[in-house]
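Asks: My questions will all concern the structure given below.
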Amino acid sequence: MNTHLTLNVTPRAQTGRSASRRLRKVNRIPAILYGKHANPEKLSVEVPEFVRLIKSVAGRAVLIELQRQDKPDRALSFLQEVQRDPLTDRYLHVDLHEVKADEKFEIRVAVRVVGESFGVKNQSGVLETPTQQVRIRCLPKDLPPVIEVDVTELKIGDTLHVGELKAVAGVEFLDNKNQPVVSCVEPVEEIVAAVAQVAAPVEGAAAAPAAAGATPAAGDAKAAAPAAGDAKAGAAPAKGDAKAAAAPAKGDAKAPAAPPAKK
C-alpha cells in the first residue's frame, strides 16, 4: 500500500551543539535513527537531498529506506520529527524511527477530507477538522499515506468521530472512539447574528421595566417640585408672618413711646 522513498545518509561520530553547527555550515543536517532493536545511530544528510525528500513526502505517512555508506543493508524508517529554526526556517535536526517489515508499529497519519458535505453545499455550512492526525497501528506494508474521511452526508450539526471512520485493512485506530474528527457547523457570521437576535429582545425586556421604573421615579422627582413649591409657599407666609409679626411689634413699640414724648 505504501511506496518507499530512499534517503542517503552518512554516519557522524561527533555530537553536541558545536559539531551540529559545523555540519550545518557545510550544508548538512544532523540526524538520528532509533528503534526497538538497535542502539541509536547518529547520522547526517545533505540539505538538498532532504528538501527533495520532504517535497516527495508532502505531508503523507511514507516509509523511507535509508542507504548508509557504512552498511550494505537498508534501514526502513519514517520521519518522527523534523526541527526547523523559527526565524530562518533552516532544518536543524531530523529524527528517524526504524521499523521492521514483520512488526506492527504506531504512527500518526494525516486526515484528508474527501467529498462535498451536504451542509456545505446546501446549508451554507462550514467544515471544521479538530483532529488533523489520527494515531494508528499497523504493519509497514499496510501503512496508509493518509486517512480519508468522506463528509458527503454531513449536515449542519453533524460530527464524525474516530469510531465512525471507515475501516482500513490492517489498520487499528488508537485514539478515543468519541474523539471528533470532522464537524459541519454554521458560519461564524450567522452564529453571531443569531446570538444578537436572541439577545436583543432580552435586553429590551430588561430595559423596559427599568425605564418604566425610572419614569415614575423621575416623575416623583418632578412631583417633588410642588413639594418644593409648597416649601417655598410655606416659607413665604412664614417670612410674611415674621415681617407681619415684626411690624406690629415695632409699631407697638413706637405707639407707646409717642404719648410720653407729647407730655
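The values are calculated or read from the model by the stated rules, or taken from the named source; none is laboratory data. The shown structure was predicted, so the numbers you read here are calculated from the model rather than taken from an experiment. In this analysis, Cβ positions are derived from the backbone assuming ideal geometry, glycine residues included, and neighbour counts consider all displayed protein chains.
Asks: Restricted to the stretch 1-51, and to residues that are in contact with a Pro (Cβ under 7 Å, 6 or more places away or on another chain) and among the hydroxyl-bearing types (Ser, Thr, Tyr), which residue is farthest from Val99 (Cα to Cα)?
Replies: Ser20
Asks: In addition: Would you mention how many residues in the stretch 80-128 are charged (D, E, K, R) and over 30 Å from Asp150 (Cα atoms)? Steps first, please.
Replies: If we filter the stretch 80-128 for residues that are charged (D, E, K, R), which is where we start, we get 81, 84-85, 89-90, 95, 98, 100, 102-104, 106, 108, 112, 116, 121, 128.
Narrowing further to those that are over 30 Å from Asp150 (Cα atoms): 84-85, 89-90, 95, 98, 100, 102.
Going through the stretch 80-128 one residue at a time, the tally reaches 8.
Asks: Let me ask another. Could you tell me whether any residue of the stretch 67-87 is out of contact with any helix residue (DSSP H, G or I) (no Cβ under 9 Å at 6 or more places or on another chain), over 22 Å from Cys138 (Cα atoms), of a type in the set (A, V, I, L, M, F, W, C) and assigned by TED's automatic domain parsing to the domain that holds His161?
Replies: Among the residues of the stretch 67-87, not one is out of contact with any helix residue (DSSP H, G or I) (no Cβ under 9 Å at 6 or more places or on another chain), over 22 Å from Cys138 (Cα atoms), of a type in the set (A, V, I, L, M, F, W, C) and assigned by TED's automatic domain parsing to the domain that holds His161, which makes the answer no.
Asks: Return the residues of the stretch 8-32 that are over 20 Å from Lys71 (Cβ atoms), touching a residue at least 40 places away in the same chain (Cβ under 8 Å) and either assigned to a loop (DSSP other than H, G, I, E, B) or among the hydroxyl-bearing types (Ser, Thr, Tyr) (or both); say none if nothing qualifies.
Replies: Ser20
The rows are residues; the columns are (1) among the aliphatic types (A, V, I, L, M); (2) within 24 Å of the chain's Cα centre (by Cα); (3) assigned to a strand (DSSP E or B).
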{"site": "Lys100", "(1), (2), (3)": "no, no, no"}
{"site": "Glu103", "(1), (2), (3)": "no, no, no"}
{"site": "Lys121", "(1), (2), (3)": "no, no, no"}
{"site": "Thr131", "(1), (2), (3)": "no, yes, no"}
{"site": "Gly157", "(1), (2), (3)": "no, yes, no"}
{"site": "Asp175", "(1), (2), (3)": "no, yes, no"}
{"site": "Cys184", "(1), (2), (3)": "no, yes, yes"}
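Asks: Listed residues Pro40, Pro72; which is surrounded by fewer than 18 Cβ atoms within 10 Å (Cβ to Cβ) and either out of contact with any strand residue (DSSP E or B) (no Cβ under 9 Å at 6 or more places or on another chain) or at positive phi (or both)?
Replies: Details: Pro40 fails: either out of contact with any strand residue (DSSP E or B) (no Cβ under 9 Å at 6 or more places or on another chain) or at positive phi (or both).
From the options Pro40, Pro72, the qualifying one is Pro72.
Asks: Shifting gears a bit: Out of all the residues in the stretch 149-190, which are of a type in the set (S, T, N, Q), closer than 14 Å to Gln123 by Cα and surrounded by fewer than 13 Cβ atoms within 10 Å (Cβ to Cβ)? Reasoning before the result, please.
Replies: Step one: filter the stretch 149-190 for residues of a type in the set (S, T, N, Q), giving 152, 159, 176, 178-179, 183.
After this cut, where a residue has to be closer than 14 Å to Gln123 by Cα as well, the list is 152, 183.
Once the filter is applied, which keeps residues that are of a type in the set (S, T, N, Q), closer than 14 Å to Gln123 by Cα and surrounded by fewer than 13 Cβ atoms within 10 Å (Cβ to Cβ), the stretch 149-190 yields only Thr152.
Asks: Looking at the stretch 33-70 only, could you name the residues that are more than 20 Å from Arg90 (Cα to Cα) and not in a strand (DSSP E or B)?
Replies: Passing the criteria: Gly35, Lys36, His37, Ala38, Asn39, Pro40, Arg60, Ala61, Val62, Gln69, Asp70.
Asks: Count, please, the residues in the stretch 4-35 that happen to be surrounded by 13 or more Cβ atoms within 10 Å (Cβ to Cβ), out of contact with any Leu (no Cβ under 9 Å at 6 or more places or on another chain) and aliphatic (A, V, I, L, M).
Replies: Count: 2.
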